[in-house]
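The values are calculated or read from the model by the stated rules, or taken from the named source; none is laboratory data. Source: prediction; values computed, not measured. Ideal geometry is used to build each Cβ from the backbone, glycine not excepted, and the neighbour counts take in all protein chains shown. Note: accessible area is taken over every heavy atom of the protein model, side chains too, but ligands, DNA and RNA are not part of it. Shrake-Rupley method; radii C 1.70, N 1.55, O 1.52, S 1.80 Å.
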Amino acid sequence: QVQLVESGGGLVQAGGSLRLSCAASGSGFSINAMGWYRQAPGKQRELVAAMTSGGSTNYADSVKGRFTISRDNGKNTVYLQMNSLKPEDTAVHYCYARATMMWPTGQYDYWGQGTQVTVSS
């Protein structure tokens, strides 16, 4: 099993910044990819940003140029630096990890508990 612990959400004014962190812990696993999804009230969960173990990144069009995802592979931790925040960024942000497990052997997806990001206008 992999546990994901998130931190860094909160309330910020439009134009402000927040940094989210997510640390993966457990044993017998290697991370293939980590990233962030978000879900606003009444909307489907959507990808915000993701990064593979090789360093490839993928961003939602709505956050390109404002958000930056980074990873500390040694700590199995992923960060999301969010700048120029807008009220429409308000959502619960979930950390995501795809990991290869030694036992039971296979690739599995894991989710954090979610952290609220609220941007006031």
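For segment 1-37, which positions are among the hydroxyl-bearing types (Ser, Thr, Tyr) and over 17 Å from Ala91 (Cα atoms)? Working first, answer last.
Step one: list which residues in segment 1-37 are among the hydroxyl-bearing types (Ser, Thr, Tyr), which gives 7, 17, 21, 25, 27, 30, 37.
Ser25, Ser27, Ser30 - these are the residues of segment 1-37 that are among the hydroxyl-bearing types (Ser, Thr, Tyr) and over 17 Å from Ala91 (Cα atoms).
Taking Ser121 as meeting all but one of (1) open to solvent by 30 Å² or more (accessible area, probe 1.4 Å); (2) in contact with a His (Cβ under 7 Å, 6 or more places away or on another chain); (3) of a type in the set (Ser, Thr, Tyr), write down the number of the exception.
Condition (2) is where Ser121 drops out.
May I ask you to list the residues in segment 1-50 that are free of Cβ contacts under 8 Å to residues at least 60 places away in the same chain and of a type in the set (A, V, I, L, M)?
Selection gives Ala23, Ala40, Leu47, Val48, Ala49, Ala50.
Residues to consider are Tyr108, Tyr94, Tyr37, Tyr79; find the one that is surrounded by 12 or more Cβ atoms within 10 Å (Cβ to Cβ), assigned to a strand (DSSP E or B) and over 16 Å from the mean Cα position of the chain (by Cα).
Numbers: Tyr94 fails: over 16 Å from the mean Cα position of the chain (by Cα); Tyr37 fails: over 16 Å from the mean Cα position of the chain (by Cα); Tyr79 fails: over 16 Å from the mean Cα position of the chain (by Cα).
Criteria check complete, one pass: Tyr108.
Taking segment 58-72 as the region of interest, how many residues are open to solvent by less than 70 Å² (accessible area, probe 1.4 Å) and either of a type outside the set (A, V, I, L, M) or part of a strand (DSSP E or B) (or both)?
To start, the set of residues in segment 58-72 that are open to solvent by less than 70 Å² (accessible area, probe 1.4 Å) comprises 59-60, 62-63, 66-67, 69-72.
Now restrict to residues that are either of a type outside the set (A, V, I, L, M) or part of a strand (DSSP E or B) (or both): 59, 62, 66-67, 69-72.
Of the residues in segment 58-72, 8 are open to solvent by less than 70 Å² (accessible area, probe 1.4 Å) and either of a type outside the set (A, V, I, L, M) or part of a strand (DSSP E or B) (or both).
Out of segment 10-28, which residues are among the small types (Gly, Ala, Ser) and under 17 Å from Thr68 (Cβ atoms)? Working first, answer last.
Filtering segment 10-28 for residues among the small types (Gly, Ala, Ser) gives 10, 14-17, 21, 23-28.
Residues satisfying the conditions are Gly15, Gly16, Ser17, Ser21.
I'd like to verify a number: residues in segment 111-121 that are closer than 16 Å to Leu20 by Cβ and assigned to a strand (DSSP E or B), how many?
So the answer is 6.
Identify the single condition in (1) exposed (fewer than 15 other Cβ atoms within 10 Å of the Cβ); (2) in a loop (DSSP other than H, G, I, E, B); (3) on the phi < 0 side of the Ramachandran plot that Leu47 does not satisfy, given that it satisfies every other one.
(2)
Could you grab me the full set of residues in segment 6-29 that are within 24 Å of Trp103 (Cβ to Cβ), assigned to a strand (DSSP E or B) and either aliphatic (A, V, I, L, M) or open to solvent by 30 Å² or more (accessible area, probe 1.4 Å) (or both)?
Residues of segment 6-29 within 24 Å of Trp103 (Cβ to Cβ): 22-29.
Subset that is assigned to a strand (DSSP E or B): 22-26, 29.
Within segment 6-29, Ala23, Ala24, Ser25, Gly26, Phe29 qualify.
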